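Only one structure is covered here, and it is reproduced in the block below.
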Amino acid sequence: MNKVILLNKRPVGKPTLNDFKFTTDAIPVPPTGHILLKTLYVSVDPYLRGRMNDSESYVTSFELGKPIQSGIIAEVIDSTHAELKKGDFVLGNLEWKEYQISNGKGLTKLNAKVSELSPYLGILGMTGLTAYLGLTEIGIPKVGETLVVSGAAGAVGSVVGQIGKIIGCNVVGITGSDEKVNLLKSKFKFDHAINYKTTPDLSEAIRKSCPKGIDIYFDNVGGEISDAVLANINKHARLPVCGYISDYNNTKVPVGPRIQPVILTKSATMTGFIVGDFSAKFPAAMKQLTTWLKEGKLTYAETIVDGFDNIPQAFIDLFSGKNEGKMIVKV
Ligand code: NDP
């Protein structure tokens with residue numbers, strides 16, 4: 001039996017389990033030249049929320065009644081493929097199925113032991129690349145500058161802050177619990193961290209944590225948190241816009257302060273990006289991340305949820321901050 005998770009309904013507001021449908025298929029038999037994959041680790045990511053809508057974006061929408069897809073690490077369990085052999089591990093954008101066949105296109109073979117696979121969905125995968133390339137290409141951090149990161153204890157944010165420290169910045173993280181504040185300061189060596197859920201005047205707290213103002217704001221969340229950061233930016237600040245999760249489940253376009261006055265008067269640069277914009281730089285970025293990891297300059301956190309059936313709930317839990325570091329489901 002092969003469990004499969006389909007898009008049942010397009011969510012209105014925060015996704016619920018009813019938006020997903022569990023079904024079963026037969027385990028497929030791979031045709032000649034193909035491989036049979038067994039899912040091992042599934043990445044759940046905030047951007048999947050956008051793909052559940054029927055709207056135009058930089059990635060296509062999921063179709064109703066069809067399997068959801070995301071970054072998946074799988075084991076080749078049967079193969080007549082020329083290069084991928086039984087026992088190989090691969091990474092790809094695959095379907096939420098326990099077993100699936102592939103012709104190998106778009107898959108990356110992972111030269112790692114089974115115990116070392118999950119980081120390829122996080123720090124050595126899409127979120128690590130997003131952190132490194134968004135920060136270095138758009139944030140352009142310099143020694144002694146002040147870097148503020150929102151969504152700081154998540155997969156992208158926790159790596160952004162650490163890279164900021166490696167480069168020599170004063171790093172301030174904004175996050176949603178006291179446990180995460182402690183994690184940022186102890187494990188990830190941020191200089192300061194602020195709990196946005198319990199801080200009454202966020203702008204004032206940011207101002208106190210950034211006595212020299214903010215040179216770089218790596219924005220993962222948008223909304224009122226970003227409004228509070230923008231009030232404290234320096235002349236020539238750089239603002240990589242990586243995500244705006246606070247808005248992903250809104251059913252109405254939110255209204256906030258107009259940003260043109262602050263962007264203009266501070267000669268600031270706000271630049272949105274999709275990690276794929278920098279695909280030519282992925283090999284060099286991977287090399288750097290791997291080196292820092294081996295040298296112990298970078299570390300990572302993972303929240304690993306057990307069981308194929310828990311994939312939708314793990315995804316939903318991203319929107320209430322249940323994860324520290326990368327949210328991954330182990331099947
Ligand atoms: P995370 O691991 O950071 O998980 C999401 C986190 O967002 C939660 O843990 C929660 O942390 C926080 N959050 C949830 N709801 C809100 C809210 N309403 N306001 C503020 N914070 C909230 O996810 P990723 O690291 O994978 O992604 C981080 C951001 O980067 C997302 O916006 C994502 O869409 C974006 N992204 C963009 C990419 C690109 O190419 N531009 C690529 C990858 C990710 P807390 O407890 O702190 O609230």
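Since every read-out is calculated from the coordinates, none of them should be taken as a lab result. Computed from a predicted model, the values in this text were never measured in an experiment. Cβ: placed from backbone, ideal geometry, glycine included. Neighbour counts: every protein chain shown.
Quick check on my filter: what residues within region 107-144 are of a type in the set (G, A, S) and closer than 19 Å to I274 by Cα? Walk me through it before giving the result.
Step one: list which residues in region 107-144 are of a type in the set (G, A, S), which gives 112, 115, 118, 122, 125, 128, 131, 134, 139, 144.
Residues satisfying the conditions are G122, G125, G128, A131, G134, G139.
If a residue has to be under 9 Å from the mean Cα position of the chain (by Cα) and buried (at least 24 other Cβ atoms within 10 Å of the Cβ) to count, how many in region 122-138 make the cut?
Step one: list which residues in region 122-138 are under 9 Å from the mean Cα position of the chain (by Cα), which gives 122, 126-128, 130-131.
Applying the additional criterion that residues be buried (at least 24 other Cβ atoms within 10 Å of the Cβ) yields 122, 127-128, 130-131.
Residues meeting the conditions: 5.
Kindly indicate the residue of region 284-321 that is loosely packed, with under 15 Cβ neighbours inside 10 Å and closer than 23 Å to E179 by Cβ and also farthest from the chain's Cα centre (by Cα) among those meeting that condition.
Here is the first cut: in region 284-321, the residues loosely packed, with under 15 Cβ neighbours inside 10 Å are 284, 287, 291, 294-297, 304, 306-307, 309, 320.
Going one step further and asking which of them are closer than 23 Å to E179 by Cβ, we end up with 304, 306, 320.
On the way: I304: 14, D306: 19, S320: 15 Å.
Top of the filtered list is D306.
Return the pair list, or none, for Cβ contacts closer than 9 Å from residues in region 50-65 that are farther than 13 Å from D19 by Cα to residues that are hydrophobic (A, V, I, L, M, F, W, C) and in a loop (DSSP other than H, G, I, E, B), at least 6 apart or on different chains. So the pair list comes out as G50/V59; D54/L64; Y58/I274; V59/I274; S61/M52. Could you list, ordered by first residue, the pairs with Cβ atoms under 7 Å in which the first is in region 189-208 and part of a loop (DSSP other than H, G, I, E, B) and the second is more than 14 Å from the ligand (Cβ to nearest atom), at least 6 apart or interchain? Matching pairs, first to second residue: K189/K165; F190/V171; D191/N170; D191/V171; T199/A205.
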